[in-house]
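Report on the structure given below.
The values are calculated or read from the model by the stated rules, or taken from the named source; none is laboratory data. A quick note: this is a predicted structure, and the numbers were derived from the prediction, not measured. For neighbour counting, all protein chains shown are included, and Cβ atoms are generated from backbone atoms with ideal geometry for every residue, glycine included. For the accessible areas, the whole protein counts, side chains as well, though only heavy atoms, and no ligand, DNA or RNA atoms are used. Shrake-Rupley method; radii C 1.70, N 1.55, O 1.52, S 1.80 Å.
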Amino acid sequence: QVQLVESGGGLAQAGGSLRLSCAASGRTFYAIGWFRQAPGKEREFVAAIRCSAGSTDYADSVKGRFTISRDNAEKTVSLQMNSLRPEDTAVYYCAGATSDGWLMRRSLYAYWGQGTQVTVSS
């Protein structure tokens, strides 16, 4: 059974930090991405990493503040979020892609986790 399980969400103050983790099991992924969805908004790309090559991509809104990394031995991908802003408040989802492509595109990802809530207070 293929599973992606997020952890690490919670409440932070503006300017603070949180670290999200995504544990993958059941198969090997070409890339893991993080997306987020705020109430009333579309799900949007945050960051992604190619699991073998380690190359990364970020949304402009999080560049310089968020860092995605992977531990292939542990089959986990982490998202370190610093300098958090109230507009970062959303449910964060990790997603697994089984082939290469445009990492920002939602349709590239066939497997999704259940999401974890991140709330940033001002």
Q | Search result, residues across the stretch 106-121 that are open to solvent by 60 Å² or more (accessible area, probe 1.4 Å) and in contact (Cβ under 8 Å) with a residue 24 or more places away in the chain | A | R106, Y111, W112, Q114, Q117
Q: Might you check whether a residue that is without any contact (Cβ under 8 Å) to a residue 12 or more places away in the chain, surrounded by fewer than 17 Cβ atoms within 10 Å (Cβ to Cβ) and either farther than 13 Å from A24 by Cα or not aliphatic (A, V, I, L, M) (or both) occurs anywhere in the stretch 93-101?
A: yes
Q. In this structure, does C22 turn out to be open to solvent by less than 30 Å² (accessible area, probe 1.4 Å) and either more than 12 Å from the chain's Cα centre (by Cα) or over 17 Å from T76 (Cβ atoms) (or both)?
A. no
Q | Filtered residues of the stretch 86-122 (kept if assigned to a loop (DSSP other than H, G, I, E, B), over 16 Å from G9 (Cβ atoms) and either of a type in the set (V, I, T) or over 14 Å from the mean Cα position of the chain (by Cα) (or both)) | A | T98, S99, D100, G101, W102, S122
(Q) Among the numbered criteria (1) farther than 15 Å from W112 by Cβ; (2) in contact (Cβ under 8 Å) with a residue 12 or more places away in the chain; (3) polar (S, T, N, Q); (4) open to solvent by 40 Å² or more (accessible area, probe 1.4 Å), which one does S55 miss? (A) (2)
